[in-house]
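The values are calculated or read from the model by the stated rules, or taken from the named source; none is laboratory data. For clarity, every value in this text was computed on a predicted model and none was experimentally measured. Note: ideal-geometry Cβ built from the backbone for every residue, glycine included; neighbour counts use all protein chains shown. Note: areas computed on protein heavy atoms with side chains; ligands, DNA, RNA excluded. Shrake-Rupley method; radii C 1.70, N 1.55, O 1.52, S 1.80 Å.
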Amino acid sequence: MMRPSSIRRVLLGGAAALASLVTLTQAQAADPIKIAVIAEAQAIAGASIPQAAQLAADEINAKGGVDGRQIQIISYDNKSSATDSVRAFQRAVSDDKVNAVIASYISEVVLALEPWAARLKTVMITPGAASNEITKAVHNDYEKNKYTFHGYLTSAELAMSVCDGAKDILVNDRKMKTAVIFSEDAAWTTPLDAGYKECLPKIGLQILDHIRMSPDTTDFTPIYNKIEGEKPDVMITGISHIGVQPTVQWKNQQVPIPMLGISSQATNSTFWKDTNGAADGVLFQSVSGPGIAMTSKSVPFADAFNKKYGNFPSYAGYTAYDEVYYIADAVKRAGSTDSDKLVAALEKTDWEGTIGRIQFYGKEDQFTHGLKYGKGLITGMISQWQDGKQVAVWPPEIANGKIRFPSFIKAQNP
Amino acid sequence: MLALQILVDGFAISALYALGATGFTLIFGVSGVLNLSHGALMVLGAVAAWAATNELHVGAYLAALFGIAVTLIGAFATYFVVVRPLQTSRAIPKEETEIFVLTGTLLWGIMIQELIAYFFTDNAKTVLPVVEGVVNILGVRTPQNEIFTAIICWVGIGVLWLIVNKTRSGKAVLAASMNPRGVTLLGFELSRIYIAIWAIYGVLAGIAGVLLGMFLGVSSYSAGPLTGSAFSIVVLGGLGSVSGSLVAAYVVGYLETVTAYMINPAYRFIPALLLLVVVMYVRPQGLFGRR
């Protein structure tokens with residue numbers, strides 16, 4: 001039997017403990033979920049990344065956040081440099097204590113960060129890099145690299161998307177038979193070109209030549225000359241670091257061969273201005289675009305972005321916006337920001353984003369933690385620049401216009 | 001056919017190099033300044049012309065003039081903010097002035113380049129061409145813009161020749177490049193001659209930058225290579241020798257074009273740099289050097 005004074009002491013102690021527990025949970029609830037954005041603020045494709053992430057965070061916060069926790073975006077400009085990115089990643093994790101990182105549209109940068117995501121056990125998702133090596137590393141050493149997710153299509157999937165589109169609009173509709181691969185020399189195009197070489201002959205386009213250019217190339221005249229001599233029906237592109245210059249020179253020199261493929265800079269809404277309209281007729285693959293309802297979320301996002309920043313997002317803007325949402329969703333499902341729990345929750349992601357339905361490939365799949373590609377998930381699309389606007393021309397479900405080439409292009413219309 | 005193609009393409013790019021390098025070498029000849037912000041000033045002109053079309057919505061000619069004007073202002077800023085204070089500073093030993101100016105202009109160039117990247121991104125921009133369309137020269141489909149570029153460059157060089165050889169102040173500039181002290185003894189203010197050559201330089205670099213923007217397009221990344229090629233050309237031609245620079249511009253331009261067509265466009269800059277190394281060993285004063 002306890003003496004009354006001891007009972008009172010125990011009760012008081014218990015109450016104090018309870019009280020401190022309550023304040024602790026309250027403090028935790030108010031703790032923001034911190035997401036670092038490491039991106040190329042000086043490049044058009046990269047500049048959209050922190051902007052889109054902030055827009056998503058503002059929207060989520062306006063609706064009360066995640067279980068009462070606000071989302072805080074901390075952004076770092078990496079100046080397109082891998083070393084700056086690594087430094088930013090270290091600072092984000094150790095000083096700013098972020099819970100997840102959204103990083104870069106450059107494969108070389110993401111590949112440099114991947115070991116750091118493993119060492120610092122921090123979830124990292126890229127909104128725009130494409131190299132197959134990113135998911136390959138996760139597949140080959142899952143326990144170590146499982147913190148990395150690929151929030152954009154891998155190069156192999158990009159090649160598939162281009163071939164799927166080219167089959168309908170070039171081979172079936174325009175009876176094209178031959179192609180030249182025209183790509184820049186970079187980490188992401190090695191698997192892209194391998195993908196092209198595999199799928200182009202399958203859809204009925206014979207490959208006449210494969211040209212890999214240095215990203216430092218400024219004068220494309222000799223290259224266009226060579227290609228023209230080979231008389232292909234189409235140039236299948238794989239360009240991202242370059243874009244404005246080859247496009248302007250294509251128009252100035254009136255190279256009579258159409259271009260279709262990956263041309264990342266062409267996905268930017270400013271591409272028309274940057275090329276002074278030389279973009280007219282350029283066909284490019286993308287994951288979404290202004291005014292194009294890839295899903296019910298695409299158009300509202302693009303419009304909100306345009307309203308806030310005065311221009312439409314680059315392709316990496318769409319993916320970065322989605323990433324903030326599905327990170328928030330994963331935190332909610334995991335009930336925690338613990339990295340391992342977050343990885344497990346992200347692996348179960350099933351989120352309708354602005355670019356399609358987002359699910360990740362599993363541990364046993366070839367592209368572990370890469371986005372699943374296919375009908376009902378993400379297919380990508382082909383657009384064409386026409387009179388200052390990006391017009392969707394494929395797949396037919398979302399197309400809002402027909403292909404139209406400038407007069408110097410000698411391509412048949414169906 | 002290929003030979004003709006190389007002949008036509010090489011001509012325009014060489015003319016552009018010649019115009020860019022002329023101002024660069026003139027400044028060295030007269031004041032001993034190697035302006036390493038040269039490439040950044042050219043890019044500045046091209047980006048300004050781009051911005052004039054796309055932000056201020058003016059026509060192609062007005063945009064080009066705006067680009068040239070901005071480079072001219074940039075050239076004066078280079079002289080008054082960087083070069084002159086360093087040249088007249090008492091804190092810098094006289095024998096070290098040149099190295100300070102060299103470093104100063106290099107840093108100044110980087111500052112301009114970063115500012116352009118900050119405000120206009122580092123993606124390439126192109127200037128609205130004044131003329132469009134193509135013509136057939138002996139079977140080579142040539143953009144009219146390319147012909148226009150070559151003509152303007154040679155007109156620019158011609159006008160410069162007239163100014164330097166036929167006008168009184170031009171003659172003073174020429175004399176100053178040969179013997180600065182002699183000119184002061186004749187009663188010319190050397191500081192006014194400096195301002196005159198920086199003005200000439202600004203206009204030439206502006207024209208070259210805007211034309212390059214129309215012809216190939218430029219980005220903030222172009223600043224370094226542009227300075228590099230101007231540097232190679234004037235060293236090859238002989239530092240301070242205008243006629244040497246013109247010849248060297250064509251040597252470099254054609255060497256690059258031949259490499260791009262016959263070997264690989266990625267290697268276009270390499271042979272010219274190798275030639276530069278050889279010239280420095282064998283004939284350090286350059287092809288037409290005075291010293």
Among the residues of region A:239-254, which ones have their accessible area go down by 20 Å² or more when all the protein chains sit together, as opposed to their chain alone (1.4 Å probe)?
A:VAL244, A:GLN245, A:VAL248, A:GLN249, A:LYS251, A:ASN252, A:GLN253, A:GLN254
Give me the distance between the Cα centres of region A:292-326 and region B:264-278, rounded to whole Å.
45
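When a/c is below 1.5 the answer is rounded, else prolate if a/b is larger than b/c, else oblate, so apply that to the protein assembly as shown with a ≥ b ≥ c taken from the square roots of the Cα gyration tensor eigenvalues.
Values: a/c = 2.52, a/b = 1.51, b/c = 1.66.
It is oblate, given that a/c is not under 1.5 and a/b is not larger than b/c.
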Between the residues B:ALA40, A:HIS241, A:ALA39, the Cα farthest towards the positive end of the dipole of the protein assembly as shown, that dipole coming from +1 and -1 charges on the beta-carbon of Lys, Arg, Asp and Glu, is from B:ALA40
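Find the relative contact order for chain A and round it to a whole percent, using C-alpha pairs within less than 8 Å whose residues are 6+ positions apart. Let's see the in-between values first.
Details: 842 pairs, mean separation 68.6, N = 414.
It comes to 17 percent, rounded to a whole number.
At a 1.4 Å probe radius, which order do B:GLU96, B:GLU55 fall into by accessible area, largest first? Mind dumping the intermediate values first?
Values: B:GLU96 75, B:GLU55 100 Å².
Sorted by accessible area, descending: B:GLU55, B:GLU96.
Tell me, what is the percent relative contact order of chain B, built from C-alpha pairs under 8 Å that lie six or more residues apart?
Values: 475 pairs, mean separation 100.8, N = 291.
It rounds to 35 percent for chain B.
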Not counting ligands, DNA or RNA, and with a 1.4 Å probe, what is A:GLU397's accessible surface area in Å² rounded to the nearest 10?
130
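Give, rounded to the nearest 20 debye, the magnitude of the charge dipole that region A:27-97 has about its Cα centre when Lys and Arg contribute +1 at Cβ and Asp and Glu contribute -1 at Cβ.
Details: 7 positive and 9 negative charges, 22 e Å.
Result for region A:27-97 is approximately 100 debye, rounded to the nearest 20.
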Per 0.36 nm of contour for each residue apart, how much would the distance between B:LEU7 and B:TRP154 grow if the chain were fully extended, relative to their Cα-Cα spacing?
51.3 nm
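Given R₀ = 51 Å, what would the calculated FRET efficiency be for B:MET262 paired with A:LYS307, taking r from the Cβ atoms and rounding to 0.05?
Working: r = 52 Å, r/R0 = 1.03.
In this case the efficiency is close to 0.45.
Considering only protein heavy atoms and a probe of 1.4 Å, how much of the accessible area of region B:2-282 is carbon and sulfur, as a whole percent?
Working: 8650 of 12000 Å².
Carbon-and-sulfur percentage of accessible area, whole number: 72.
Once you have the Cα-Cα distance between B:LEU138 and B:MET111, take 0.36 nm times their residue separation minus that, and quote the gain in nm to one decimal.
Values: separation 27, 0.36 × 27 = 9.72 nm, distance 4.51 nm.
Here the answer is 5.2 nm.
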Name the residues of region B:226-269, by number, that are at least 20 Å² less accessible with every protein chain in place than in the isolated chain; the surface is that of heavy atoms, probe 1.4 Å, without ligands or nucleic acids.
B:TYR261, B:PRO265, B:ALA266, B:ARG268, B:PHE269
Enter the mean number of other protein chain beta carbons within 10 Å of the beta carbon of each residue in B:128-139, as an integer.
2
Comparing B:VAL30, B:VAL134, B:VAL210 in a Gaussian network model of chain B (Cα, 10 Å), the one with the largest mean-square fluctuation is B:VAL134
Placing +1 on the Cβ of each Lys and Arg and -1 on the Cβ of each Asp and Glu in region B:2-282, which of B:ALA124, B:GLY104, B:GLN87 has its Cα farthest towards the positive end of the resulting dipole?
B:GLN87
If I take R0 = 25 Å and measure r between the Cβ atoms of A:LYS97 and A:ASN140 in this structure, what FRET efficiency does the formula 1/(1 + (r/R0)^6) give, to the nearest 0.05?
0.25
Region A:37-54 versus region A:363-414: alpha-carbon centroid distance in Å
23
What percentage of the solvent-accessible surface of chain A, computed with a 1.4 Å probe over protein heavy atoms, is contributed by carbon and sulfur atoms?
53
Give me the distance between the Cα centres of region A:119-184 and region A:74-117, rounded to whole Å.
21
Comparing the chain by itself with all protein chains present, which residues of region A:204-234 are at least 50 Å² less accessible (probe 1.4 Å)?
A:ASP219, A:PRO222
From the residues B:LEU65, B:GLY156, B:SER14, which one has its Cα farthest along the dipole of region B:2-282 in the positive direction, the dipole being from +1 and -1 charges on Cβ of Lys/Arg and Asp/Glu about the Cα centre?
B:GLY156
Can you pull out the trypsin sites (Lys or Arg not before Pro) in region A:157-253 whose DSSP state is coil and whose Cβ has at most 14 other Cβ atoms within 10 Å?
A:LYS175, A:LYS177
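Whole number in Å², please: accessible area per residue of the protein assembly as shown, 1.4 Å probe, ligands, DNA and RNA not counted.
On the way: 28870 Å² over 705 residues.
On a per-residue basis, the protein assembly as shown sits at 41 Å².
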Three principal axis extents, largest first, for the C-alpha atoms of region B:2-282, in Å?
58, 48, 35
Charge dipole magnitude, Cβ of K and R +1, D and E -1 - region B:2-282, Cα centre, debye nearest 20:
680
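Would you mind giving the total buried accessible surface between chains A and B, with a 1.4 Å probe and ligands, DNA and RNA left out, rounded to the nearest 100 Å²?
On the way: alone 17300 and 14200 Å², together 28870 Å².
Heavy-atom accessible area buried at this interface is about 2600 Å².
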About the Cα centre of chain A, what is the dipole size in debye to 20, counting +1 per Lys and Arg Cβ and -1 per Asp and Glu Cβ, all else neutral?
1020
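How much length would be gained if the chain were fully extended between A:ARG119 and A:ALA82, taking 0.36 nm per residue of separation minus their Cα-Cα distance, in nm to one decimal?
Stretched fully, the A:ARG119-A:ALA82 segment lengthens by 11.7 nm.
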Using protein chains only and a probe of 1.4 angstrom, how many square angstrom of A:TRP351 are accessible, to the nearest 10?
50
Expressed in square angstrom to the nearest 10, the accessible area of A:GLU108 with a 1.4 Å probe stands at 80
Which distance in nm do the two modelled labels at B:LYS166 and B:PHE76 give, with both placed 7 Å along the Cα-to-Cβ direction?
2.7
Given points 7 Å out from each Cα along the Cα-Cβ axis, report the A:GLN359 to A:ARG333 separation in nanometres with one decimal.
1.1
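Provide the net charge surrounding B:ASN54, with neighbours chosen by a C-beta distance below 10 Å and charges set as Lys +1, Arg +1, Asp -1, Glu -1. Please list the in-between numbers first.
On the way: positive: A:LYS273, B:LYS125; negative: A:ASP274, B:GLU55.
Neighbour charge sum, excluding B:ASN54 itself: 0.
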Spin-label pair B:LEU56/B:VAL277, simplified geometry with 7 Å Cα→Cβ offset, distance in nm
4.5
Descending packing, highest mean Cβ count within 10 Å first, for B:179-189, A:307-317 is A:307-317, B:179-189
